[in-house]
1. From largest accessible area down, sort Glu172, Glu19; use a 1.4 Å probe on the protein chains.
2. Order of 89-101, 120-132 by packing, highest average Cβ count within 10 Å first?
3. Can you say what percent of the DSSP beta bridges in segment 23-269, counting only those with both residues inside, are antiparallel? Round to 5.
4. Heavy-atom accessible area of Leu30 with all protein chains present, probe 1.4 Å, nearest 10 Å²?
5. Using the heavy atoms of the protein chains alone and a 1.4 angstrom probe, what is the accessible area of segment 82-181 per residue in square angstrom?
6. Quote to one decimal, in nm, the extra length available between Ser251 and Asp148 on full extension: 0.36 nm per residue of separation minus the C-alpha distance between them.
7. When the dipole is taken about the Cα centre of segment 23-269, and only Lys, Arg (+1) and Asp, Glu (-1) are charged at their Cβ, what size is it in debye, to the nearest 20?
8. Leu237 to Ala78: extension gain in nm, 0.36 nm per residue of separation minus the Cα-Cα distance?
Amino acid sequence: MVSQEEHSLEKPGTYIDFEKMPGHWVLAQLGKRVLRPGGLELTRQMLSALDIQANDRVVEFAPGLGVTAQMALRCNPASYTAVERNQDAAKLVRSYLEGPNQACIVGQAGDTGLPSNSASVLYCEAMLTMEADHRKADILQEAHRLLDPNGRYGIHELCLLPDDMPEIQKAEIQKALAKAIRVNARPLTPSEWRVLLETEGFQIQTEAMAPMHLLAPRRFIQDEGFRETLRFIGNLLRHPTALRRVLRMRSVFQKYHNHLAAIMLVGRKSER
Ligand SMILES: C[S@@+](CC[C@H](N)C(=O)[O-])C[C@H]1O[C@@H](n2cnc3c(N)ncnc32)[C@H](O)[C@@H]1O
């Protein structure tokens, strides 16, 4: 059996177990391409703050299906390198790349093997949330190592509200998310995200938030378009286990809608 975290984009029915696979791969399998909590709008805000120019060397951690990769490539950076741990996703991202200065390697964001000071811009979306706290720190340290002095760093992640949420409530939400999306999601509060970035040597310059509407109909159509949304619904109806998974995820997102949001932070590398 192939690991579903490393290979997940085969055709439904081959070896896919919709019951057990991580929620983002259930959605991807059914045709959803935008897998981050704040949708394309928050991604646009992150890219605008990152201000990618023709002389930038861009690194993206965890590009998933390559939606943001394509947006970043439209800025014609000097180079683009992605680090994605899922081999099928990496293969898909490579199909958008051209020439010797664009690459997608299969690897771990916390230990990329890329040279130090090899990026002027680095970003990741919907990935740190899925990592334990010590792994978040490892990944930020790797981002810090890869960036030039003063390099720009962006994240787009899930957050918990309010800032002073009691630990017991955090644990309850994390448990409900883990059960529904089958990933040990560890979202932080906005202050905790800020402190984490600052502790690891980034000076935050831009911040924005958006509702966590990943599975809300309006956002879905905004992100995927009307036709792709209809196609997704068709696929959903053909796969009852996937339908159950998606409804379960949606009900958890709805239950905690006052306490879940998307956050985007962009900063510069500073001394640690
Ligand atoms: C929720 S998806 C988000 C994909 C994409 N960034 C987006 O926002 O649509 C999470 C992605 O992170 C990748 N991933 C998770 N942990 C990773 C790690 N430690 N290193 C590299 N990729 C990772 C997964 O394979 C998957 O593609």
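1. Details: Glu172 95, Glu19 55 Å².
From most accessible down to least: Glu172, Glu19.
2. Working: 89-101: 15.5, 120-132: 23.0.
Highest to lowest by the protection proxy: 120-132, 89-101.
3. Values: 19 of 40 bridges.
Given both bridge residues lie in segment 23-269, the antiparallel proportion sits at roughly 50 percent.
4. Taking all protein chains as shown, Leu30 has close to 0 Å².
5. Details: 4270 Å² over 100 residues.
It amounts to 43 Å² per residue over segment 82-181.
6. On the way: separation 103, 0.36 × 103 = 37.08 nm, distance 4.27 nm.
Full extension from Ser251 to Asp148 adds 32.8 nm.
7. On the way: 31 positive and 26 negative charges, 241 e Å.
In total the dipole reaches around 1160 debye.
8. Numbers: separation 159, 0.36 × 159 = 57.24 nm, distance 4.37 nm.
Here the answer is 52.9 nm.
The values are calculated or read from the model by the stated rules, or taken from the named source; none is laboratory data. Keep in mind that what you see is a predicted model, and the values were worked out from it rather than measured. Cβ sites come from the backbone with ideal geometry, for glycine too, and all protein chains shown count toward neighbours. In case anyone asks, the SASA skips ligands and DNA or RNA and just uses the protein heavy atoms, side chains included. Shrake-Rupley method; radii C 1.70, N 1.55, O 1.52, S 1.80 Å.
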